[in-house]
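The values are calculated or read from the model by the stated rules, or taken from the named source; none is laboratory data. Note that the structure is a prediction, hence the values are computed from the model and not measured. Every residue, glycine as well, gets a Cβ built from its backbone with ideal geometry; the counts of neighbours run over all protein chains shown. SASA here: full protein model, heavy atoms, side chains in, ligands and nucleic acids out. Shrake-Rupley method; radii C 1.70, N 1.55, O 1.52, S 1.80 Å.
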Amino acid sequence: MKIPFNIPPHIQKEEAYIAQAIANKKLSGEGAFNKKCVEWFKENLRCPLAVITPSCTSALEMAMVLADIGPGDEVIMPSFTFTSTANVVALYGATPVFVDVDPATMNISVSAIEKAITSKTKVIMPVHYAGVGCEMDKIMDLANPRGILVVEDAAQGIFASYKNKALGAWGHMAAFSFHETKNIVCGEGGALIINDAKLVARAEIVRDKGTNRQQFLNGQVDKYTWQDKGSSYLQSELATAFLYAQLENGQMITQKRLDRWKQYHQAFAGLEKSGQLTRMTIPADCKANAHIYYFLTNTADERSILWGYLKEKGIQATFHYVPLHSAPAGQKFSRTAGPMTVTDDQSARLLRMPLYYSLSEQEAQYVIDTVNEFYRGRS
Ligand SMILES: *Cc1c(COP(=O)(O)O)cnc(C)c1O
């Protein structure tokens, strides 16, 4: 049996929506499906504005423009994250400040954030790793009295919540990803959620090459002009047509992933009990979305051997992230605050199992059987 790491979800409705978009003769970022996607986020996250962007990376970039960061400013984030989180900060000449993660969730440690705050801290960027929510209430309590903005990297967080409030609805801004490896996809895509009403007017200018074109379209001005810094942050109508089909069916897509996630989790309980691996955990306050299933092997060496064993059996397991503080650009553009003990240790032992919408129960069982076979061979 061959089991890839990921197959992008496809629910068969995408083609009809794309055909409809073409028939509508409006293919830029102002078409009907773009509006439907924006409305979906406004309704589901109760945000005053959402911008469907070409990627999560571009959504994070737009957030940095709105936060007006520059040289001398610091942005606190975990080192255990995807490159984009730190790269958008470095791009504007500000300094990513890395802190350690909580061993139970691999999410940013709140006590580490508190110790890392300085007079230069302008933004905190929590990353909801694996779609498991960070402790957003505590993070907002640290940020708000100090006038620090919170930008959630919710790339992995769609259809997940913390304390019954959606991920992406907590921070002043939040960014989602619809890259083909995420739960809900459109090839390449993202969304910037603006929760802070004070940022809305500028966001409408920044997303449209720094112009007040939105006011022109609303009939508020008779021509539009260059008003502020900005870029081209709107997604094409063809991609948002695909995306809308997935958002509409997002509960169903998430449920199928959750079923496979539970199957893995129950099956690996025995190996955890016998001390052979440590399963990921989801705190009681979090409703997760099965974006990732991972466990920790006991040693880094054991991870490579298991990874190779699975590969031989046709199973593509993966691991990530090379902690950003140890990456070449991380050393050049960033600094750490406090020890990186958990990040260094656990990122070297983490292994992700294949998990995607069309993964069948039988295929997941084959993965489980193969992992069990590996550990039987070692005891
Ligand atoms: C996937 C991902 C991104 C980048 O998303 P793109 O849409 O590919 O730009 C950023 N941060 C995290 C945590 C991610 O998982």
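A few remarks follow.
- Segment 106-128, residues that are among the basic types (Lys, Arg) and in contact with a strand residue (DSSP E or B) (Cβ under 7 Å, 6 or more places away or on another chain): 120, 122
- Checking residue 236 against (1) within 16 Å of the ligand (Cβ to nearest atom); (2) under 24 Å from residue 14 (Cβ atoms); (3) open to solvent by less than 20 Å² (accessible area, probe 1.4 Å), the condition it does not meet: (3)
- Failed condition for residue 284, given (1) surrounded by 15 or more Cβ atoms within 10 Å (Cβ to Cβ); (2) over 30 Å from residue 74 (Cα atoms): (1)
- Test: residue in segment 246-258 that is away from the ligand (no atom under 16 Å from the Cβ), more than 21 Å from the chain's Cα centre (by Cα), over 30 Å from residue 147 (Cβ atoms) and among the β-branched types (Val, Ile, Thr): no
- Among the residues of segment 281-321, those identified as within 24 Å of residue 138 (Cβ to Cβ) and in a loop (DSSP other than H, G, I, E, B) are 281, 282, 283, 284, 285, 288, 289, 291, 292, 321.
- Test: residue in segment 221-230 that is among the aliphatic types (A, V, I, L, M), away from the ligand (no atom under 16 Å from the Cβ) and either under 30 Å from residue 131 (Cβ atoms) or assigned by TED's automatic domain parsing to the domain that holds residue 136 (or both): yes
- Of all residues in segment 107-126, those satisfying the criterion of being within 19 Å of the chain's Cα centre (by Cα) and either within 14 Å of the ligand (Cβ to nearest atom) or over 21 Å from residue 162 (Cβ atoms) (or both) are 107, 108, 125, 126.
- Number of the exception - residue 157 against (1) more than 24 Å from residue 31 (Cα to Cα); (2) in a helix (DSSP H, G or I); (3) within 12 Å of the ligand (Cβ to nearest atom): (2)
- Out of 104, 59, sole residue that is away from the ligand (no atom under 14 Å from the Cβ) and assigned by TED's automatic domain parsing to the domain that holds residue 199: 104
- Among the residues of segment 95-112, not a single one is crowded, with 24+ Cβ neighbours inside 10 Å and part of a helix (DSSP H, G or I).
- If only residues of segment 160-178 that are in a loop (DSSP other than H, G, I, E, B) and within 12 Å of the ligand (Cβ to nearest atom) are counted, the one that is farthest from residue 8 (Cα to Cα) is 167.
- Taking segment 227-280 as the region of interest, the helices (runs of 4 or more DSSP H) fully inside it that hold 1 or more residues being touching a Phe, Trp or Tyr at 6+ places or on another chain (Cβ under 9 Å) and closer than 30 Å to residue 299 by Cα are 250-267, 269-273.
- Flag: residue 30 does not match the condition of being modelled with pLDDT of 95 or more and either out of contact with any Pro (no Cβ under 9 Å at 6 or more places or on another chain) or more than 15 Å from the ligand (Cβ to nearest atom) (or both).
- Selection of segment 332-379 for residues being among the small types (Gly, Ala, Ser), farther than 16 Å from residue 266 by Cα and part of a helix (DSSP H, G or I) yields 347, 377.
- When residue 329 is tested against (1) within 19 Å of the chain's Cα centre (by Cα); (2) part of a helix (DSSP H, G or I); (3) of a type in the set (A, V, I, L, M), exactly one condition is not met: (1).
- Any hit, segment 82-89, residues being within 16 Å of the ligand (Cβ to nearest atom) and not in a helix (DSSP H, G or I): yes
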